[in-house]
Amino acid sequence: MTTALSALHLSKTYRYRGGSTQALDDVTFDIPAGETYGLIGRNGAGKTTFLRIAGTLLMPTSGTVMVLGRDIRTEERAIRTRIAMVPQESRPLYFVSTEELILWYLRMRGMDNLESRRRTNGVIEELGLTDVRSRLVSLLSGGQRRRVMVAMVLASDAEVLFLDEPTTGLDPLARREVWAAISRATRERRTVLLTTHYLDEAEALSAHLALLEGGRLRVEGSPESIRSRVQLPYRVTVDTSWTVEELGSYGSVSPIVNGHLLFTREKEAREVVQAALARGSRVSLAPVSLEDIFLQLVGRPLDEDPPAEKEAA
Ligand SMILES: Nc1ncnc2c1ncn2[C@@H]1O[C@H](COP(=O)(O)OP(=O)(O)O)[C@@H](O)[C@H]1O
Ligand SMILES: [Mg+2]
């Protein structure tokens, strides 16, 4: 297995008048080449800071990142031609059409005219932008603009793609189109580093995941290996014919609409399901989701903060 990116004891402290914020704190992990890697965490966890450093836009305070075997501190020129990024708060140029913008981006990167046109046509179709291909970018909705940005980097020949919350503000259908396009990039053996606070997205796309919380790496690995590390790997829901006290002996209980959510071990999960069925209660049993794992590890749901960006009309 080759490594596309290695973070080595990476720390970043922003200093400003009146204080400082440690956005990253001794973060070390590897991203294997040719896969989608999910960097997850709530707002303020340090995801964008990590991407900006790895993308050679920001210097670390200490430690470093190696991208394709080169050091971001000293070899940023050599790295820049081989990476592409969709920044979090980015807005594409306004006064050109969708098609012109993508084409122009590819030509800027040094791709020849024929290949640029071929790829532009392909990506426009893939990301559902056919209807707006000749429309001025200034007239697109927020979600369409976001997709144009994703289309630009996917159509490029960059080996490592950085996507900072590429689907925030997109409707469910547009999200799926972006997911499919990201999957295609990894089928082409490109490496994608994706940040998101949607755990279904992280789980659907990523071969490996890292969870940042307050600038620290809290969990890292494949979804299965992360799942195997939680103490209470099953989720049971029961209706209000049960009390919190009754359930408390089986595991960790929290309230949900019309009932209770119980995190528990396998043996206790079987016991409580049998008892609930005997009583005629409504009951469900499933392995914990990534969202549950996050809840168990950090104590709050990941998307507690609403997304900042909304789809403009
Ligand atoms: N330019 C900056 N100056 C000062 N603080 C910053 C700056 N950029 C980010 N931060 C702070 O660093 C922390 C991490 O931010 P960020 O990397 O944007 O997290 P995320 O992308 O996970 O939401 C936050 O507390 C944020 O307020
Ligand atoms: Mg961010």
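The values are calculated or read from the model by the stated rules, or taken from the named source; none is laboratory data. Keep in mind that this is a model prediction, so the values were computed, not measured. When we count neighbours, we look across all protein chains shown, and the Cβ atoms used for this are built from the backbone with ideal geometry, even at glycine.
Worth a mention:
- Any hit, the stretch 5-17, residues being more than 18 Å from the chain's Cα centre (by Cα) and away from ligand 1 (no atom under 16 Å from the Cβ): yes
One line per residue, one yes/no per condition, for (1) surrounded by 14 or more Cβ atoms within 10 Å (Cβ to Cβ); (2) of a type in the set (A, V, I, L, M, F, W, C); (3) within 25 Å of A180 (Cα to Cα):
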position	(1), (2), (3)
M59	no, yes, no
T64	yes, no, no
E76	yes, no, no
T98	yes, no, yes
R119	yes, no, yes
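- Filter result (assigned to a loop (DSSP other than H, G, I, E, B) and either more than 11 Å from ligand 1 (Cβ to nearest atom) or of a type in the set (G, A, S) (or both)) within the stretch 32-56: A33, G34, E35, G41, G44, A45, G46, G55, T56
- Under the condition of being among the small types (G, A, S) and more than 30 Å from Y250 (Cα to Cα), the residues counted in the stretch 211-237 number 2.
- Within the stretch 225-233, at least one residue is surrounded by 15 or more Cβ atoms within 10 Å (Cβ to Cβ) and closer than 30 Å to V67 by Cα.
- Per-region count, the stretch 32-64, residues farther than 21 Å from F294 by Cα, in contact (Cβ under 8 Å) with a residue 24 or more places away in the chain and away from ligand 2 (no atom under 14 Å from the Cβ): 10
- Criterion applied to L161, L101, L170 was being away from ligand 1 (no atom under 16 Å from the Cβ), hydrophobic (A, V, I, L, M, F, W, C), part of a loop (DSSP other than H, G, I, E, B) and within 25 Å of T48 (Cα to Cα), and the one residue passing it is L170.
- With respect to the conditions (1) in a loop (DSSP other than H, G, I, E, B); (2) under 15 Å from F162 (Cβ atoms), P60 lacks only one, and its number is (2).
- In summary, G63 fulfils each of the numbered conditions (1) under 26 Å from the mean Cα position of the chain (by Cα); (2) of a type in the set (G, A, S); (3) more than 16 Å from ligand 1 (Cβ to nearest atom) with the single exception of condition (3).
Here's the yes/no breakdown for (1) more than 11 Å from Y37 (Cα to Cα); (2) within 16 Å of ligand 2 (Cβ to nearest atom); (3) part of a loop (DSSP other than H, G, I, E, B):
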residue	(1), (2), (3)
R175	yes, no, no
T186	no, no, no
E203	no, no, no
L232	yes, no, yes
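- Just one of the listed residues (L217, L262) is of a type outside the set (K, R), in a strand (DSSP E or B) and in contact (Cβ under 8 Å) with a residue 40 or more places away in the chain, and it is L217.
- Remark: pairs (first residue in the stretch 269-287, in contact (Cβ under 8 Å) with a residue 60 or more places away in the chain; second residue of a type in the set (V, I, T) and outside any helix (DSSP H, G or I); Cβ separation under 6 Å; 6+ apart in sequence or on different chains) are absent.
- E165 crowded, with 19+ Cβ neighbours inside 10 Å, under 30 Å from L8 (Cα atoms) and in contact with a strand residue (DSSP E or B) (Cβ under 7 Å, 6 or more places away or on another chain): yes
- Selection from the stretch 18-31 of residues that are within 12 Å of ligand 1 (Cβ to nearest atom) and either without any contact (Cβ under 8 Å) to a residue 60 or more places away in the chain or not assigned by TED's automatic domain parsing to the domain that holds V160 (or both): G18, G19, S20, T21
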